[in-house]
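Visitor: Here's a structure for you.
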Amino acid sequence: MGLELAGEVEATGEEVKNFRRGDQVFAFTGFYFGAYAEYKCMAEDGAAKTDGLVTKKPENLSFREAAAVPSGGLTALGIIRKADIKKDQKVLIYGASGSIGTYAVQLAKVFGGRVTGVCSTSNLEMVSSLGADAVIDYTKEDFTKSGEKYDVIIDAVHKKSRAFCKRALKNGGVFLSAHSSTVPGLEDLIFLRELLEADKIRPVIDRCYPIEQVADAHRYVDQGRKKGNVVLTLD
Ligand SMILES: NC(=O)c1ccc[n+]([C@@H]2O[C@H](COP(=O)([O-])OP(=O)(O)OC[C@H]3O[C@@H](n4cnc5c(N)ncnc54)[C@H](OP(=O)(O)O)[C@@H]3O)[C@@H](O)[C@H]2O)c1
């Protein structure tokens with residue numbers, strides 16, 4: 001189990017050029033999973049769908065912080081790239097407080113959007129702190145009824161349909177959901193590292209659990225209310 005990790009390289013194969021023992025790395029393990037294990041064997045030039053993507057860890061992040069980036073960050077990056085945001089376009093991120101949502105808000109800003117984040121009352125401050133230009137509390141206001149129209153609407157928690165959002169979309173506007181992402185490549189993980197090191201984006205961590213409490217961690221995540229990410233620690 002587990003799709004993303006951060007840790008230290010324990011050993012390398014003879015033909016490996018880019019890594020050596022002791023290097024600090026972060027990785028998207030791909031759909032062979034394995035990130036919850038103590039050791040994970042990865043290819044230095046892998047692919048997201050098979051053996052995964054691994055690169056040097058951002059220097060300014062702890063292992064816990066770095067481990068919270070690859071899956072949510074790459075998924076959000078794929079959606080934001082697909083949205084093809086032009087400077088000052090109005091972008092609404094629905095479900096801005098989750099893993100994909102928190103990265104999507106920050107990445108939409110990086111790509112020049114004017115961002116509105118939609119979340120519940122307790123997350124308004126956090127979403128504003130990520131750089132959202134405006135926030136809407138979905139428990140008090142239906143964004144489709146305000147009269148405001150957006151160039152791009154991203155449902156980062158897969159709760160709303162295109163038909164529901166249509167009223168708030170400009171003519172020719174783009175609707176994307178959490179499941180609209182593309183398959184990432186190593187260059188995408190490196191791009192995220194550069195943004196992290198430049199303090200343009202940061203991971204939001206709700207809770208950390210020791211691996212022994214993995215079932216509790218999953219129970220919490222399954223409630224669908226986490227703020228950003230939940231991290232498992234193996235130390
Ligand atoms: N995370 C990933 O790496 C990843 C990758 C690919 C696909 N996905 C898929 O993408 C979707 C989102 O994943 P995620 O991990 O980003 O979600 P998540 O972090 O589990 O989402 C939790 C957040 O959703 C908010 N939320 C819950 N119900 C809501 C509603 N009705 N309206 C608006 N916000 C609501 C919660 O805030 P409140 O409590 O304030 O409502 C909470 O902050 C899921 O379908 C997941 O399977 C995730």
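The values are calculated or read from the model by the stated rules, or taken from the named source; none is laboratory data. All figures in this text were calculated on a predicted structure; none of them were measured in a lab. Please note: Cβ atoms are built from the backbone with ideal geometry, for glycine as well, and neighbour counts cover all protein chains shown. For accessibility, only protein heavy atoms count, side chains too; no ligands or nucleic acids. Shrake-Rupley method; radii C 1.70, N 1.55, O 1.52, S 1.80 Å.
Visitor: Please state, to two decimals, what the Cα-based radius of gyration of the range 46-102 comes to when divided by 2.2 N^0.38 Å (N = residues).
Guide: Relative to the 2.2 N^0.38 Å estimate, the range 46-102 comes out at 1.35.
Visitor: State, to one decimal in nm, how far the label point of LYS17 lies from the label point of ARG81, with both points 7 Å from Cα in the Cβ direction.
Guide: If labels sit at LYS17 and ARG81, their model points lie 2.2 nm apart.
Visitor: When ligands, DNA and RNA are left out and all protein chains stay put, how many square angstrom of accessible area per residue does the range 74-180 have with a 1.4 Å probe?
Guide: 44
Visitor: If the range 74-180 were replaced by its equivalent ellipsoid, with semi-axes equal to the square roots of 5 times the Cα gyration tensor eigenvalues, what would those be, largest first, whole Å?
Guide: 17, 16, 13
Visitor: Quick one, what does Rg over Rh come out to for the range 1-96 if you take C-alpha atoms and the Kirkwood Rh?
Guide: Answer for the range 1-96: 1.05.
Visitor: With the chain treated as a Gaussian network of Cα nodes joined by springs under 10 Å, which of VAL183, VAL204, VAL54 yields the largest mean-square fluctuation?
Guide: In this elastic network of the chain, the residue with the biggest mean-square fluctuation among VAL183, VAL204, VAL54 is VAL183.
Visitor: Also: Within 10 Å, at most 14 other Cβ atoms, and a DSSP state outside H, G, I, E, B define an exposed site. Report the longest part of the chain free of exposed chymotrypsin sites (Phe, Trp or Tyr not before Pro).
Guide: 40-235
Visitor: Quick check: at a probe of 1.4 Å, how many percent of the accessible area of the chain sits on carbon and sulfur atoms?
Guide: With neighbouring chains kept in place, the figure for the chain is 48 percent.
Visitor: Can you give me the angle between helix 99-110 and the longest principal axis of the chain, using Cα atoms only, in degrees from 0 to 90, rounded to the nearest 10?
Guide: With rounding to tens, the tilt is 70 degrees.
Visitor: In degrees between 0 and 90, to the nearest 10, how far off the longest principal axis of the chain does helix 70-83 point, with axes built from Cα atoms?
Guide: Computed tilt is about 40 degrees.
Visitor: Also, I was wondering about something else. Rounded to the nearest 500, what is the 222 nm mean residue ellipticity of the chain from helices alone, with -39500 (n - 2.57) per DSSP H run of 4+ residues and division by all residues?
Guide: -7500 deg cm²/dmol
Visitor: What trypsin sites (Lys or Arg not before Pro) does the range 9-106 have in DSSP loop regions with at most 14 other beta carbons within 10 Å?
Guide: Those satisfying the criteria are LYS17, ARG20, ARG21, LYS49, LYS86, LYS87.
Visitor: Return the whole-Å distance between the Cα centroid of the range 148-171 and the Cα centroid of the range 204-235.
Guide: Answer, in whole Å: 30.
Visitor: Mind pulling up the Rg/Rh value for the range 127-235? Radius of gyration and Kirkwood radius, both on Cα.
Guide: Rg/Rh: 1.02.
Visitor: Assuming a viscosity of 1.567 mPa s and a temperature of 4 °C, what translational diffusion coefficient in µm² per second does Stokes-Einstein assign to the chain, Rh being the Kirkwood radius over Cα pairs?
Guide: 71
Visitor: In debye, nearest 20, what is the charge dipole magnitude of the range 74-180 about its Cα centre with +1 on Lys and Arg Cβ and -1 on Asp and Glu Cβ, if you could check?
Guide: 400
Visitor: Taking only the alpha carbons of the range 86-138, what extent do you get along each of the three principal axes, in Å, biggest first?
Guide: Projected onto the principal axes, the Cα atoms of the range 86-138 cover 30, 18, 16 Å.
Visitor: Right, something else. Could you work out the local net charge near VAL231, counting Lys and Arg as +1, Asp and Glu as -1, over the other residues with Cβ closer than 15 Å to its Cβ?
Guide: Around VAL231, the charge tally is 0.
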